[in-house]
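Have a look at the structure below before the remarks.
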Amino acid sequence: MMPAPGPPTQTLVDKGREQFHRTCAQCHGRNMVNSGTTSYDLRKFPTDQPDRFFNSVTNGKNSMPSFSGALDPGAIQWLWAYVSTRGGKEM
């Protein structure tokens, strides 16, 4: 597991948004908007659980595949900056 960096910056959130739309939006919805019935609604992800996020992205969980080897640690940090700030809305 990877520790979260310091407070997210707008640059990290922007990189995370770009990565999210390339990698995650297909299942989790554009801008994290989905019904939560077929994939986890990331707008509800606990912002105090970065290790859980990194573990899920790296190792997969339930129907979510592992992104180990597909995403480097920096890209996962960007995704966390995006998800943990609700797309920059909670900065």
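The values are calculated or read from the model by the stated rules, or taken from the named source; none is laboratory data. All figures in this text were calculated on a predicted structure; none of them were measured in a lab. Using ideal geometry, Cβ is built from the backbone for each residue, glycine included, and neighbour counts are taken over all protein chains shown. To get the accessible areas, we keep the full protein, side chains included, count just its heavy atoms, and leave off ligands, DNA and RNA. Shrake-Rupley method; radii C 1.70, N 1.55, O 1.52, S 1.80 Å.
Summary table below
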item: Matching option when the condition is at pLDDT below 95 and of a type in the set (A, V, I, L, M, F, W, C), among A4, A70; result: A4
item: Some residue of the stretch 31-48 being touching a Pro at 6+ places or on another chain (Cβ under 9 Å) and either within 18 Å of E90 (Cβ to Cβ) or surrounded by 14 or more Cβ atoms within 10 Å (Cβ to Cβ) (or both); result: no
item: First in the stretch 40-52 and modelled with pLDDT of 95 or more, second anywhere and of a type in the set (G, A, S) and part of a helix (DSSP H, G or I), Cβ under 6 Å, 6 or more apart; result: none
item: Condition check for T23: β-branched (V, I, T), open to solvent by 20 Å² or more (accessible area, probe 1.4 Å) and under 13 Å from the mean Cα position of the chain (by Cα); result: yes
item: All positions within the stretch 6-30 that are within 13 Å of G88 (Cα to Cα) and assigned to a loop (DSSP other than H, G, I, E, B); result: P7, P8, T9
item: Residue, surrounded by the most Cβ atoms within 10 Å (Cβ to Cβ), within the stretch 53-69, restricted to residues that are touching a residue at least 24 places away in the same chain (Cβ under 8 Å) and either of a type in the set (F, W, Y) or part of a loop (DSSP other than H, G, I, E, B) (or both); result: F53
